[in-house]
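In what follows, a single structure is set out as structure tokens and then discussed.
The values are calculated or read from the model by the stated rules, or taken from the named source; none is laboratory data. Remember, predicted model here, so these are calculated numbers, not experimental data. Quick reminder, even Gly has a Cβ in these numbers, built from the backbone with ideal geometry, and neighbours come from all protein chains shown.
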Amino acid sequence: MGTLYVVGTPIGNLEDITLRALRVLRECAIIAAEDTRRTRILLEHYGIHTPMISYFEHNEPVRIPQILEALTRGDVALVSEAGMPGLSDPGFALIRAALDRGFPVVPVPGPSAPVTALVASGLPADRFVFLGFLPRKPGERRRLLAGVATLPWTLVAFEAPHRLRESLRDILEVLGDRPMAAARELTKLHEEIRRGTVREILEHFTRVEPRGEFTLVIAGAPEEVPQWEEEEVRSRLQELLAAGMPPAQAARELARASGWPRPVIYRMALDLRGESHRSDL
């Protein structure tokens with residue numbers, strides 16, 4: 001019984017491939033490639049002569065049985081057009097079919113456009129939601145965006161250059177003018193990562209023709225801190241001061257929890273202690 005290796009390949013720069021991936025591509029019986037022309041460039045660059053078959057969205061019904069049959073005789077490497085197979089490409093269907101038939105599925109990690117753009121965006125990367133390609137139809141796209149509008153996590157999505165402006169307009173309308181980054185041609189000669197607000201990115205690409213595939217990284221919904229009533233702020237502040245906490249520290253802590261401005265709470269603390277107002281927080 002063979003193993004289906006899910007192999008990450010470069011998203012641009014051919015040097016971004018692991019030694020393990022190169023070994024697997026050399027040793028497996030066949031390579032199932034989403035784009036055989038692009039994969040051939042990679043194989044020729046590294047002197048790899050493993051046979052290839054095409055496997056893409058429109059030949060899945062024919063190819064999946066053939067690849068499963070090949071797995072009964074030896075190992076198969078699955079590669080996408082670029083990056084990790086299974087992310088917004090037909091690799092998922094083959095992986096699921098192989099698992100259902102009891103074949104081992106082994107990942108060989110490699111480059112990933114969503115993660116590459118995310119870590120370079122300057123936006124929080126501890127929690128994020130990957131949306132894949134944004135829907136082509138405006139109504140479906142706006143519904144998808146509305147469904148994630150209240151999520152506090154960073155959003156990551158793919159978009160084609162000819163739909164970028166329209167999608168940015170929908171993002172601005174549905175999500176608001178949040179911080180974001182638009183990454184194009186990642187790891188390639190003309191790599192560009194443009195950071196700003198949604199409106200700023202839209203204004204730029206209104207003036208400049210979008211080129212290359214885009215990965216969009218959008219800030220999550222801003223946290224809304226419910227503001228306390230003054231009586232609650234004053235009561236809690238008295239407790240902290242009575243416990244010996246300095247006014248400046250009490251103001252910092254209560255500002256985070258209450259939604260009140262720190263200078264206002266600090267002045268309130270000084271009043272409670274009978275001290276004169278100070279501006280040095």
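List of remarks:
- Restricting Ile41, Ile64 to residues that are assigned to a helix (DSSP H, G or I), outside the structural domain of Thr187 (by TED's automatic domain parsing) and either over 17 Å from Thr3 (Cα atoms) or free of Cβ contacts under 8 Å to residues at least 12 places away in the same chain (or both) narrows the list to Ile41.
- Residue match in region 94-109 (condition: of a type outside the set (Val, Ile, Thr), modelled with pLDDT under 95 and in contact with a Ser or Thr (Cβ under 8 Å, 6 or more places away or on another chain)): no
- Just one residue in the set Ala183, Ala160 is under 20 Å from Asp126 (Cα atoms), modelled with pLDDT of 95 or more and among the hydrophobic types (A, V, I, L, M, F, W, C); that residue is Ala183.
- Residues being touching a residue at least 40 places away in the same chain (Cβ under 8 Å) and assigned to a helix (DSSP H, G or I) - total across region 99-114: 2
- Subset of region 109-137 that is among the polar types (S, T, N, Q) and either under 14 Å from Thr154 (Cβ atoms) or under 9 Å from the mean Cα position of the chain (by Cα) (or both) - its residue that is surrounded by the most Cβ atoms within 10 Å (Cβ to Cβ): Ser121
- Boolean, Leu118 is under 22 Å from Arg20 (Cα atoms) and either touching a Ser or Thr at 6+ places or on another chain (Cβ under 7 Å) or aliphatic (A, V, I, L, M) (or both): no
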